[in-house]
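Worksheet for the structure shown next.
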Amino acid sequence: MIERKFDNYFEQIKEVAAKKSGSSFSIENEFVPVMVNGECEVVMRLLPQPSTEAAPFVENRTHSFKGSDGKWHVVDCLRKSGSKCPICEWNSAVFKAFPKEKAKDICKKKAKRSFISNVYIVKNTAAPNTEGKVYRFKYGIQIMEKILAKMSDKEDPDKGFIKGVNVFDYYNGANLIFKAKDGNFGPNPEASYFGDAKPISDKNNVPLTDEEIKAIDDSLYTLKDCEKDTSNETFESVLNLYEKFVEGEKLFVRGKDAEGKTTYDPIIPGVAAGNTAALNDAVRSEFDVEEPDVRPTAEASEDFFDTLK
Ligand SMILES: [Zn+2]
């Protein structure tokens, strides 16, 4: 029986988030669902990580924005590694300075989180040649939230206590019925869901043999290669990149503190530079300003790992 230790998954994932990966960002052998009439439905199984790696997924976070050339660009969000990110910090200052609705108009796009796992395609009517094969699969926070929900114990009003399922397990995991519809921002997978816990099977629901499972396990792709290395990036380098793409727009006034370290004071439209801190408090009490809307559940998934220990 091939098992990855579930108890330690989430402790390991936490560590992995802080680790550096040595290679550049690329996804080869990626599974991309075929959309037919704007829809797709694929039955897939999320797989454990290769035995040499610590977590069944890796994560990348980026901010996208329109540059002065009219094209979309991305910079890495540094918050994944626990560092301060200029885009997130600036957004946070905007949300402190203005009521929520106004702040939403002004702020930059919040970081997009994407995850990559190995998957086994169980059933894919639109592309049957992919069935029974292993791929890398990139998914967003919506699917990650469904993984979190499926993995968590819960109390159901009708069924009573429901034990969480380690969806990445060959024997006790569950199939992901990936359903997506074309939306304004690409395919929207909101209608996706996990089936009941059962062993990995073929499309006719025949459980795979131990030999077949071993063959899958031997063919797992490394995930580390898909995790973008941001270890050499800093607040200043990300900010520089942003300011290079968006000519003439400065997000921060740089200064020096008493020890000669660079300070960054956010430049907020309509707020004099240097006054943001004082103004923050004044405006905050006046409007009872809420914190940035950075998808509370997404942020909560940083505690994800704690909840599943
Ligand atoms: Zn950020």
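Computed from the coordinates by the stated procedures, all read-outs in this text should not be read as laboratory data. Remember, predicted model here, so these are calculated numbers, not experimental data. Note that each Cβ is placed from the backbone with ideal geometry, even for glycine, and that neighbours are counted across all protein chains shown.
Tell me, how many Å apart are the Cα centres for region 208-255 and for region 123-158?
Using only Cα atoms, the two centres lie 22 Å from each other.
Work out the FRET efficiency for Asp202 and Asp153 from their Cβ-Cβ distance, taking R0 = 22 Å, and round it to the nearest 0.05. Display every interim value, and only then the final one.
Values: r = 30 Å, r/R0 = 1.35.
Computed FRET efficiency for Asp202 and Asp153 comes out at 0.15.
Please label the shape of region 196-266 as rounded, prolate or oblate, based on the square roots a ≥ b ≥ c of the eigenvalues of the alpha-carbon gyration tensor (a/c under 1.5 means rounded; beyond that, a/b larger than b/c means prolate, else oblate). Don't skip to the answer; put the middle values down first.
Working: a/c = 4.36, a/b = 3.65, b/c = 1.19.
Prolate is the answer for region 196-266, as a/c is 1.5 or above and a/b outweighs b/c.
Counting only the backbone N, which residues of region 214-239 are under 20 Å from the spot 7 Å out from the Cα of Lys112 toward its beta-carbon?
226-230, 238-239
Could you tell me the ratio Rg/Rh of region 39-249? Both radii from Cα atoms, Rh via Kirkwood. Before the final figure, lay out the partial values.
Numbers: Rg = 20.3 Å, Rh = 19.6 Å.
Reported Rg/Rh (Cα atoms, Kirkwood Rh): 1.04.
Using the Cα centre as the reference, give the magnitude of the dipole from point charges on the C-beta atoms of region 29-184 (Lys, Arg: +1; Asp, Glu: -1; all else neutral), rounded to the nearest 20 debye.
On the way: 27 positive and 18 negative charges, 126 e Å.
For this selection, approximately 600 debye.
Could you work out the Rg to Rh ratio of region 31-127, with Rh taken as the Kirkwood radius (inverse of the mean 1/r over all Cα pairs)? Intermediate results must be reported in sequence, preceding the final value.
Values: Rg = 18.6 Å, Rh = 16.8 Å.
When Rh is taken as the Kirkwood radius, the ratio is 1.11.
How much length is gained if the chain between Lys256 and Asn184 is pulled fully straight, taking 0.36 nm per residue apart and subtracting their Cα-Cα distance, in nm to one decimal?
21.6 nm
Mind checking the dipole of region 82-140: about its Cα centre, +1 per Lys or Arg Cβ, -1 per Asp or Glu Cβ, Debye to the nearest 20?
Details: 14 positive and 4 negative charges, 29 e Å.
Charge dipole, region 82-140, about its Cα centre: 140 debye, nearest 20.
Please give the contour-minus-distance gain from Thr125 to Asn29: 0.36 nm per residue of separation, less the Cα-Cα distance, rounded to one decimal in nm.
Numbers: separation 96, 0.36 × 96 = 34.56 nm, distance 1.93 nm.
Result: 32.6 nm gained on full extension.
Can you give me the pair-distance distribution of region 136-267, C-alpha pairs, 5 Å bins, whole percents?
Spelled out per bin, shortest first, that is 2, 7, 11, 12, 13, 12, 10, 8, 7, 7, 6, 4, 1, 0.
What ranking do His63, His73 get, fewest neighbouring Cβ atoms within 10 angstrom at the top?
Working: His63 22, His73 17.
The fewest-first ordering by Cβ neighbours comes to His73, His63.
Around Lys256, with a cut-off of 15 angstrom between Cβ atoms, what is the net charge of the other residues, counting Lys and Arg +1 and Asp and Glu -1? Intermediate results must be reported in sequence, preceding the final value.
On the way: positive: Arg254, Lys261; negative: Glu236, Asp257, Glu259, Asp265.
Cβ neighbours under 15 Å give a net charge of -2.
Note the full-extension length gain between Glu249 and Tyr171 as 0.36 nm times their separation in residues minus their Cα-Cα distance, in nm to one decimal. Walk me through the intermediate numbers first.
Details: separation 78, 0.36 × 78 = 28.08 nm, distance 5.37 nm.
Length difference between fully extended and current span is 22.7 nm.
Calculated FRET efficiency, Gln142 and Asp218, Cβ-Cβ r, R0 35 Å, to nearest 0.05? Intermediate results must be reported in sequence, preceding the final value.
Values: r = 31 Å, r/R0 = 0.88.
Efficiency, rounded to the nearest 0.05: 0.70.
In region 46-118, which trypsin sites (Lys or Arg not before Pro) fall in coil by DSSP and have 10 or fewer other Cβ atoms within 10 Å? Working shown, then result.
Numbers: sites: Arg61, Lys66, Lys71, Arg79, Lys80, Lys84, Lys96, Lys100, Lys102, Lys104, Lys108, Lys109, Lys110, Lys112, Arg113; in loops: Lys71, Lys84, Lys108, Lys109, Lys110.
In loop regions of region 46-118 (DSSP not H, G, I, E or B), the sparsely surrounded trypsin sites (Lys or Arg not before Pro) are Lys71.
Could you run the Karplus curve 6.51 cos²θ - 1.76 cosθ + 1.60 with θ = phi - 60° over region 61-78 and give me ³J(HN,Hα) per residue in whole Hz, x for Gly and Pro?
Result, rounded to whole Hz: 10, 9, 9, 10, 7, 8, x, 5, 7, x, 9, 7, 10, 10, 10, 6, 8, 8.
Beyond 29 Å between alpha-carbons counts as too far, so tell me which of Lys80/Lys108; Lys71/Lys138; Lys224/Lys256; Lys66/Lys102; Lys112/Lys256 fall in that bin.
Values: Lys80/Lys108 18 Å; Lys71/Lys138 23 Å; Lys224/Lys256 38 Å; Lys66/Lys102 20 Å; Lys112/Lys256 32 Å.
Distance filter (> 29 Å) returns Lys224/Lys256; Lys112/Lys256.
For a quick protection proxy, order the peptides 37-45, 193-201 by their average other-Cβ count within 10 Å, most packed first.
Working: 37-45: 17.7, 193-201: 15.6.
Per-residue mean Cβ counts within 10 Å order the peptides as 37-45, 193-201.
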